[in-house]
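Read through the structure below, which is laid out as structure tokens, and then see the notes.
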Amino acid sequence: MKITSAVIPAAGLGTRMLPYSKEIPKEMLPVITGYKKNVMVKPVLHYIFDALYDIGFRRFYFIVGRGKRLIEDYFTPDWNYVDYLLKVGKESLAKLLADFYKEIEATEIIMINQPYPRGLGDAIFKN
């Protein structure tokens, strides 16, 4: 039996990362890497998604809490932005974003709300 679903807890308050995590979820912390001789900046959750997608996961359960709407927005394709990038001549960035959006559309993403921060066990139980 092949496992194709992943539960990703992203509901914590991020108190150990204050003040950064006051307004931006800690899961959206930027990670800077080199990519084809360019600098690549993606949030932590994007790297987690990529790694799991690359090994065959196609269903993602994100456990989110209050103030984590940014995560849902990030994993919702915005094809108008891709069109804008193409219009202003940024083809390589448009392709990068389009490839990510195609991966998102090839998966099932479920956002599960954990209304109160009661720890990892409670977050997983929400699934």
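Please give the FRET efficiency for Arg58 paired with Leu13, using the beta carbon to beta carbon distance and R0 = 25 Å, rounded to the nearest 0.05. Display every interim value, and only then the final one.
Details: r = 30 Å, r/R0 = 1.19.
In this case the efficiency is close to 0.25.
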**Q.** Assigned charges on the beta-carbon of Lys, Arg, Asp, Glu; the chain dipole about Cα centre (debye)
**A.** 320 debye
Q | Cα-based helix-to-principal-axis angle, 44-54 vs the chain, degrees rounded to 10 | A | 80 degrees
(Q) Run through the range 1-77 and list the GluC sites (Glu not before Pro) located in a DSSP loop whose Cβ has at most 14 other Cβ atoms within 10 Å. (A) Glu23
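Could you work out the Kirkwood radius for the range 1-64, taking every pair of different alpha carbons, averaging 1/r and inverting it, reported in Å? If you can, show how the numbers build up before the last one.
Numbers: mean 1/r = 0.0752 Å⁻¹.
Result for the range 1-64 stands at 13.3 Å.
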Q | Long-range amide H partners of Met40 with built H, under 5 Å | A | Thr33, Gly34, Tyr35
Q | Rg/Rg_ref, the range 24-127, where Rg_ref = 2.2 N^0.38 Å and atoms are Cα | A | 1.19
Q) Taking springs between alpha-carbon atoms closer than 10 angstrom, which of Leu45, Leu93, Leu70 fluctuates most in the Gaussian network model of the chain? A) Leu93
Q: Output the relative contact order of the range 1-86, whole-number percent, from Cα pairs under 8 angstrom with separation of 6+ residues.
A: 40 percent
Q | Listed residue (Tyr20, Val41, Tyr74) projecting farthest to the positive dipole end of the chain, Cβ model | A | Tyr20
Q) Using a simple spin-label model with points 7 Å from Cα along the Cα→Cβ vector, what separation in nm is obtained for Ser92 and Lys22? A) 3.7 nm
Q.
Can you tally the lysine pairs in the range 1-69 where the Cα-Cα distance is under 28 Å and the two residues are eight or more apart, or on different chains?
A. 7
Q. Just for the chain, what percent of DSSP beta bridges are antiparallel, to the closest 5?
A. 35 percent
Q) Whose amide H sits under 5 Å from the amide H of Ile112, counting only residues 5 or more places off or on another chain, with H placed in the peptide plane? A) Phe62, Ile63, Val64
**Q.** Long-range amide H partners of Val7 with built H, under 5 Å
**A.** Tyr61
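Every number here is computed from the coordinates shown, using simple stated rules; none is lab data. Fair warning: this is a prediction, and the values are worked out from it, not measured in the lab. Counting neighbours? That spans all protein chains shown, and the Cβs are built from the backbone with ideal geometry, glycine included.
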